[in-house]
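Student: Okay, handing you the structure first.
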2 protein chains.
Amino acid sequence: MTELFMSDNKKPGTTRKSGIREANTRQIIAAAEALFSEKGFNGTSTQEIADRAGLPKANVHYYFKTKQDLYSVVLQDILQGWQKDAEIFQRSSDPEEVLRSYIRAKMEHSFTRPKGSKMWAMEVIQGGPVMGKEIRKALVSWDDTVLQRIQTWIDEGKIQAVSPQSMLNMIWATTQYYADYDYQIRILNDNKRLTVAQREEAIEDVSRMILHGVLQ
Amino acid sequence: MTELFMSDNKKPGTTRKSGIREANTRQIIAAAEALFSEKGFNGTSTQEIADRAGLPKANVHYYFKTKQDLYSVVLQDILQGWQKDAEIFQRSSDPEEVLRSYIRAKMEHSFTRPKGSKMWAMEVIQGGPVMGKEIRKALVSWDDTVLQRIQTWIDEGKIQAVSPQSMLNMIWATTQYYADYDYQIRILNDNKRLTVAQREEAIEDVSRMILHGVLQ
DNA sequence: CCAATAGTTGACCAAAAGGTCAACTTACAA
DNA sequence: TTGTAAGTTGACCTTTTGGTCAACTATTGG
């Protein structure tokens with residue numbers, strides 16, 4: 001993430017002045033992620049971001065040339081989080097173990113930090129108007145890595161012969177759903193947030209259905 | 001759907017003047033659905049909607065008091081489409097047959113008319129700021145109907161004992177994904193739209209994984 | 001044919017929003 | 001201590017936008 005949010009800014013040569021730049025930058029990004037995920041790009045004003053970050057609007061523009069720049073940086077940040085969740089695919093070669101761990105990580109991610117997922121979803125739904133080439137590249141290379149691993153499982157006869165992309169899509173779709181659609185889930189749960197027990201049940205159910213669905 | 005989009009308007013007592021009102025109304029709704037799904041509520045201007053519908057802006061406001069009213073009507077329309085897809089649950093009691101048909105209907109719906117799904121997704125992601133009570137009610141009652149049917153399958157031992165809501169969530173999540181995330185799917189498919197064959201493969205894969213995952 | 005209702009539309013307005021700027025303050029290296 | 005770079009900020013500008021309105025035309029029932 002470092003060096004990213006300074007890309008097109010008047011970045012100082014070396015970091016000085018204690019950590020003012022970094023501290024403010026972080027606050028702005030956090031505020032932006034929250035607001036963009038709640039109200040979308042167009043629904044969020046730079047003024048609101050500034051207020052939430054506790055700074056005057058002009059200060060936000062001092063660190064991020066435009067609203068789009070800021071948005072783009074936040075998106076990049078989010079993708080990195082998911083890439084971490086997927087490191088499991090490299091650490092083990094047992095499909096059941098990997099899938100269980102991955103689904104759990106992804107589901108917990110969805111429950112505890114849904115904001116990023118929502119923001120990403122809205123960007124993708126709208127056809128990636130802001131998402132830049134770099135982000136797309138990162139996405140593709142991450143996808144490739146995971147697909148390769150799934151393919152080896154198929155070659156070894158460990159799992160069903162479905163298209164690896166279809167399988168990954170299903171995992172992605174289902175786990176993201178618990179973040180993106182949390183509002184709908186709440187409506188269909190008597191207007192109550194899922195309890196910890198319900199979350200655990202959801203993780204179990206999703207794991208069971210997917211594992212049962214793809215293992216031989 | 002009839003009578004809905006006139007709710008808070010100066011509706012004429014009886015329909016006269018050939019079908020001017022209905023024709024214009026339909027055009028506006030179609031334009032609105034397309035634009036809202038591409039750019040969200042805040043990203044779409046009434047002027048754009050008017051242009052796409054081939055009318056002056058003031059005319060749009062003549063039929064729909066506010067942008068929100070229009071948005072709300074379109075949402076309602078979308079939910080109705082999905083309710084139709086789910087009628088299958090009432091027409092057969094064999095889980096394999098029902099699920100196969102439903103998944104296919106939903107997937108084809110996603111491929112051929114992704115706009116509605118996208119608009120719905122954005123609304124839900126943002127916490128349903130416009131969605132009214134009626135829409136929520138319709139959603140809940142539709143959900144209940146489907147859950148009951150799934151529960152009977154469980155009681156009869158025809159499918160695995162997962163929570164019916166978890167199961168429906170997975171079906172929903174996965175099928176909607178092919179509409180909402182079509183842009184991401186394209187990126188991960190060499191930047192090419194899925195071919196008809198690929199769509200068919202996706203439908204097959206999704207059906208197989210879900211059926212294999214939930215049937216005994 | 002005519003009055004009344006429905007539909008049309010250009011002009012207009014106030015509010016909001018993204019972004020700029022120049023003056024100002026703070027921090028630090030030497 | 002002091003010069004310079006970094007950071008701060010209120011005021012301002014321009015554009016966009018949702019919505020209004022009054023004047024106008026078209027349609028239709030009687």
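Student: Residues that are surrounded by fewer than 18 Cβ atoms within 10 Å (Cβ to Cβ): list the helices (runs of 4 or more DSSP H) wholly contained in region B:62-113 that include at least 3 such residues.
Tutor: Values: elements: B:67-85, B:88-91, B:95-112.
Fully inside region B:62-113 and qualifying: B:67-85, B:95-112.
So that you can scan it fast, the table gives a plain yes or no per residue for (1) more than 10 Å from chain A (Cβ to nearest Cβ); (2) open to solvent by 50 Å² or more (accessible area, probe 1.4 Å):
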position	(1), (2)
B:I154	yes, no
B:Q160	no, no
B:Q165	no, no
B:A173	no, no
B:Y183	no, no
B:K192	yes, yes
B:D205	no, no
B:I210	no, no
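Student: Could I ask something else about it? Could you grab me the full set of residues in region A:136-152 that are in contact with a helix residue (DSSP H, G or I) (Cβ under 9 Å, 6 or more places away or on another chain) and either outside any helix (DSSP H, G or I) or at the interface with chain B (Cβ under 10 Å from one of its Cβ atoms) (or both)?
Tutor: A:R136, A:L139, A:V140, A:W142, A:D143, A:L147
Student: Just for region A:2-42: of the residues that are crowded, with 19+ Cβ neighbours inside 10 Å and more than 14 Å from every other protein chain (Cβ to nearest Cβ), which one is modelled with the lowest pLDDT?
Tutor: It comes out as A:F5.
Student: Take B:S166 and tell me if it is touching a residue at least 40 places away in the same chain (Cβ under 8 Å) and either in a helix (DSSP H, G or I) or in contact with a helix residue (DSSP H, G or I) (Cβ under 7 Å, 6 or more places away or on another chain) (or both).
Tutor: Against the criterion (touching a residue at least 40 places away in the same chain (Cβ under 8 Å) and either in a helix (DSSP H, G or I) or in contact with a helix residue (DSSP H, G or I) (Cβ under 7 Å, 6 or more places away or on another chain) (or both)), B:S166 does not qualify.
The values are calculated or read from the model by the stated rules, or taken from the named source; none is laboratory data. Note that the coordinates shown come from a computational prediction; the quantities given were computed from them, not determined experimentally. Cβ coordinates were reconstructed from backbone atoms using ideal geometry, including for glycine residues, and neighbour counts include every protein chain displayed. Just so you know, the surface numbers come from the protein's heavy atoms only, side chains and all, with ligands and any DNA or RNA stripped out. Shrake-Rupley method; radii C 1.70, N 1.55, O 1.52, S 1.80 Å.
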